[in-house]
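Reading through the structure tokens given below for one structure.
The values are calculated or read from the model by the stated rules, or taken from the named source; none is laboratory data. In this text the structure is predicted, and so the values were computed from the model without any measurement. Backbone-built Cβ (ideal geometry, glycine too); neighbour counts: all protein chains shown. To get the accessible areas, we keep the full protein, side chains included, count just its heavy atoms, and leave off ligands, DNA and RNA. Shrake-Rupley method; radii C 1.70, N 1.55, O 1.52, S 1.80 Å.
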Amino acid sequence: MQVFFITRKYPPSIGGMEAFSYYLFSSLRKFIDVRLIGGSYPWWALPYLSSSALYQVLRHNLAQFASDQHAVIHCADAALAPLASTLSRFSNAKAIVTAHGLDVTHAGHMYRHLVVSHLRRIDGVACDSEYTSRLSLSAGVRPSRVRVIQLAVDTSMYMPMSRDKSLLLLEDLRLPSLSERVVIMTVGRLVPRKGVLWFIENVMPVLAARLPSVLYIVVGEGSNALPAQRAILRLGLSKQVIMLGGQDLESIRAISSWATAFIAPNIKCESDPEGFGLVTLEARALGLPVIASEVDGLGESILNGKDGLLAGTGDVNSFLEAIEYLIANRDRLWPASDIRERMLREFSWDKVARTYVQFYHDVQAGTV
């Protein structure tokens, strides 16, 4: 089987979809013949990517398409559905896309006309969560063509770091001594749906009053960074909340070695849904239990009470109860080794790649 994997988001750009494209392509290469087409493209450059991919595929593989019934076009997100559909019509290849959430629900009229209408024609739609599958069905995709294939994490990169090793890195970050603090942390883009601003304004004042030793460390950049900084000053939380901006993985590993929990306080944003929440896998690969909002597809990979806790979306008391319960029971109920073991067992990229290969075969055989 020949697979053409087409993506508009790929390293060196950084982000969840870039990580998805990189790790899936790298893992697929272990099992099948797969060719990468694309790279990192902004929205306005999609016509160029589409024409370039069309030219490459048809120029180099037209003869193969004419005779090979096993070729599959796989576009890495639903925004590329028109390209997948077009390539499929020009060849004997079947076409699938991976849907992540926002790429299905984008509200623009032109987007829905060009993208969602083509999504309904695709031979298969792989969704990163049950929530995203419901979005796809609501967009008119046939149920038989939808399959949920969750994401994974590179556990070889997200290795826990010893506290002794972390000390020098933490010194470079100019963090206060963490040995007597109860550390919670969040890593991610600081955009409204991630809920960091909501958490600082609504949960942290109460938590800081109940637990003065708490320290909330936020790693990431985005449009809500400045409003969050202002909220910290306005609420007098400068000793309880530290915003570090963007940091490399080593620094994140160093901070996590002192953290009690990872917080994913996402809030509901109709125009910007959370399809899955890859960062929660990365946190648990580091051995951290996660406290996450029950919003969209964010909590689907979490075993409530086993490797994390789910809290009501936008519910201050629910978050406070979850945090306090986890702090009191972390060592007894959530050993880091058990949390990481589940990531190694259930959320490996090789496992995801094998599931995609089976999906390719099923689409090719017309059984979806």
Legend entry - Yes/no for residue 242 being of a type in the set (Val, Ile, Thr), open to solvent by less than 50 Å² (accessible area, probe 1.4 Å) and out of contact with any helix residue (DSSP H, G or I) (no Cβ under 8 Å at 6 or more places or on another chain): yes
Inset, instruction - Scan the range 179-195 for residues that are open to solvent by 10 Å² or more (accessible area, probe 1.4 Å), hydrophobic (A, V, I, L, M, F, W, C) and closer than 17 Å to residue 244 by Cα and jot them down. - result: 187, 191
Inset, instruction - Name, by its number, the condition in (1) of a type outside the set (D, E, K, R); (2) surrounded by fewer than 13 Cβ atoms within 10 Å (Cβ to Cβ); (3) at negative phi that does not hold for residue 140. - result: (3)
Legend entry - Matching option when the condition is over 21 Å from the mean Cα position of the chain (by Cα) and of a type in the set (S, T, N, Q), among 129, 138: 138
Inset, instruction - Return the residue satisfying two criteria in turn: it lies in the range 290-325 and is assigned to a strand (DSSP E or B) and among the polar types (S, T, N, Q), and of such residues it is farthest from residue 208 (Cα to Cα). - result: 304
Inset, instruction - For the range 11-31, enumerate the residues that are in contact with a helix residue (DSSP H, G or I) (Cβ under 6 Å, 6 or more places away or on another chain), touching a residue at least 40 places away in the same chain (Cβ under 8 Å) and either surrounded by fewer than 21 Cβ atoms within 10 Å (Cβ to Cβ) or closer than 15 Å to residue 75 by Cα (or both). - result: 16, 23, 28, 31
Inset, instruction - Give the number of residues within the range 309-368 that are farther than 21 Å from residue 71 by Cα, among the polar types (S, T, N, Q) and surrounded by fewer than 14 Cβ atoms within 10 Å (Cβ to Cβ). - result: 3
Legend entry - Subset of the range 32-81 [at pLDDT 80 or above, among the acidic types (Asp, Glu) and open to solvent by less than 80 Å² (accessible area, probe 1.4 Å)]: 77
Inset, instruction - Would you kindly identify the helices (runs of 4 or more DSSP H) lying entirely within the range 173-287 that contain at least 1 residues that are over 23 Å from the mean Cα position of the chain (by Cα) and more than 24 Å from residue 155 (Cβ to Cβ)? - result: 196-202, 204-210, 225-234
Inset, instruction - Count, please, the residues in the range 203-228 that happen to be of a type in the set (S, T, N, Q) and surrounded by fewer than 17 Cβ atoms within 10 Å (Cβ to Cβ). - result: 2
Inset, instruction - Could you check, for the range 99-108, whether at least one of its residues is open to solvent by 30 Å² or more (accessible area, probe 1.4 Å), out of contact with any Leu (no Cβ under 7 Å at 6 or more places or on another chain) and assigned to a loop (DSSP other than H, G, I, E, B)? - result: yes
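Go through the residues of the range 269-279 one by one and say whether even a single one is at pLDDT 95 or above and under 30 Å from residue 77 (Cα atoms).
no
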Inset, instruction - Look through the range 341-368, keep the residues that are in contact with a helix residue (DSSP H, G or I) (Cβ under 6 Å, 6 or more places away or on another chain) and not in a loop (DSSP other than H, G, I, E, B), and return whichever of them is farthest from residue 23 (Cα to Cα). - result: 343
Inset, instruction - Could you grab the pairs with beta carbons closer than 9 Å, sequence gap of 6+ or different chains, first residue in the range 234-246 and among the charged types (D, E, K, R), second one in a loop (DSSP other than H, G, I, E, B)? - result: 239/176; 239/212
Inset, instruction - Restrict the check to the range 74-89 and report whether at least one residue is more than 18 Å from residue 297 (Cα to Cα) and charged (D, E, K, R). - result: yes
